[in-house]
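Notes follow the structure.
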């Protein structure tokens, strides 16, 4: 499944059960539920009126007494040449009170990580874009080195901006994920899935916006049949622009996990709060954290976890 930034992991003793075939084994494909709950694919630049376009690349006219009659006036800029290649790199440090996602008895730890990625979104038609992405991530723990792992992600799909739905974005992707670590049963775990969904940003005014995202992510194949499952995801993110380069975001994500071959259903709730500072267009510094609550029909997989920290990232468009 799609693994995004800063993931807490499962305990070594659980990972060792991967080859046992037991019905109640843990799920390493869920290493992405953690520190920064992010949504699905997005366009690389402001080609639609979303939070990365209208609110960030353009200015509103100064407030005036006539705003009540004519509304806020948006000062549009000339469109720049489309840059359809995107390179990113991040490094981060977080404290986790339950790094192994245990139902009880988990020890706190500090972990460091980094990721590099390359994305391409060439325009195929007026509102249709190809979306290709590859990322390599790495995680290292201070006290529990047996939790260290790497994650390779690659995806290929399409993104379409639908004007009849107020420029909502529709997307469809095929995804490959490979998780590796010294303490995995076979040294690695591979999975393939199909991701589809719709997203929309609602712009209230010059400072306030709301991001909504609905997704489905269905496993097609995995190295371990008992881990194959579907995910049904709803995201809500509220953004308040304190200043042009300083944004506070509060998010909630709910994910329903439905396992195909075992009697297991999980409901994962993630609450996030982050402060993002962008001193340059190509740099982002962030601090904050998440609280995660997982409710499963199998008691051993009930847990909660808190993650606090921050990092710095760079992003370059070509």
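Read-outs: derived from the displayed coordinates by stated rules, not from any lab. The model shown is predicted, which means the values in this text are computed figures rather than measured ones. Note: ideal-geometry Cβ built from the backbone for every residue, glycine included; neighbour counts use all protein chains shown.
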Here, residue 85 and residue 167, labelled 7 Å along Cα→Cβ, have an inter-label distance in nm of 2.7 nm
So the compactness index of the stretch 153-226, its C-alpha Rg divided by 2.2 N^0.38 Å, takes the value 1.53
Simple SL model, points at 7 angstrom along Cα→Cβ for residue 221 and residue 250; separation in nm is 4.5 nm
Length gained, residue 156-residue 210, 0.36 nm per residue minus C-alpha separation, equals 16.7 nm
The extension gain from residue 198 to residue 125, computed as 0.36 nm times the residue separation minus the Cα-Cα distance, is 24.4 nm
Quick calc: nm separation of the 7 Å Cα→Cβ label points for residue 136 and residue 176 -> 1.5 nm
Projected convex hull area of the stretch 212-318, Cα atoms, direction-averaged, in nm², equals 9.0 nm²
Using alpha carbon positions and the Kirkwood radius, the Rg to Rh ratio of the stretch 101-235 is 1.04
